[in-house]
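The structure appears right after this line, and notes come after that.
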Amino acid sequence: MFIYQPPGDLSVRAVWYGGESNELHYETYDDNDEWHAKVIGTLDDGIPAGVSELHAELVEFYNYCTDEVLI
């Protein structure tokens with residue numbers, strides 16, 4: 001599992017769960033100490049070859065969700 005969570009906000013994150021999955025999850029943390037997916041996207045170009053590329057995908061997906069989807 002790889003996570004992007006910006007500094008200062010521990011209640012939201014973007015996650016790739018690994019394996020063969022090409023799904024990215026935008027998740028929020030609730031009062032019951034559980035994470036819930038609010039938006040699920042895909043890695044259109046497949047799983048990145050390196051960690052830096054995966055990190056960039058997670059940041060882009062996080063920003064997309066916070067700026068465009070969840071306004």
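Could you state the angle between the C-alpha long axis of helix 51-64 and the longest principal axis of the C-alpha atoms of the chain, as a value from 0 to 90 degrees rounded to the nearest 10?
Orientation of helix 51-64: about 40 degrees from the principal axis.
Could you give the dipole magnitude of the chain about its Cα centre, charging the beta-carbon of Lys and Arg +1 and that of Asp and Glu -1, in debye to the nearest 20?
100 debye
Are there GluC sites (Glu not before Pro) in the chain that DSSP puts in a loop and that have at most 13 other Cβ atoms within 10 Å, and which ones?
Here the GluC sites (Glu not before Pro) that fit, given the DSSP loop and packing criteria, are GLU20, GLU34.
Enumerate the calculated ³J(HN,Hα) couplings along segment 17-29 in order (Karplus 6.51 cos²θ - 1.76 cosθ + 1.60, θ = phi - 60°), each rounded to whole Hz, writing x wherever the residue is Gly or Pro.
My calculation for segment 17-29 gives 7, x, x, 8, 5, 10, 8, 10, 10, 9, 10, 10, 9 Hz in order.
Considering amide H positions built from the backbone, and no H for Pro or chain starts, which residues 5 or more places from LEU24, or on another chain, come under 5 Å of its amide H?
GLY41, THR42, LEU43
With springs connecting C-alpha atoms under 10 Å apart, model the chain as a Gaussian network and identify which of ALA37, ALA49, ALA14 has the largest mean-square fluctuation.
The residue with the greatest mean-square fluctuation here is ALA49.
Can you tell me the mean projection area, over all orientations, of the convex hull of the chain's alpha carbons? Units nm², please.
5.0 nm²
Only the coordinates and a few stated rules stand behind these numbers; no lab work does. This one's a predicted model, so the numbers in the text were calculated from it and none came from an experiment. Don't worry about glycine lacking a Cβ; one is built from the backbone with ideal geometry, like all the others, and counts go over all protein chains shown.
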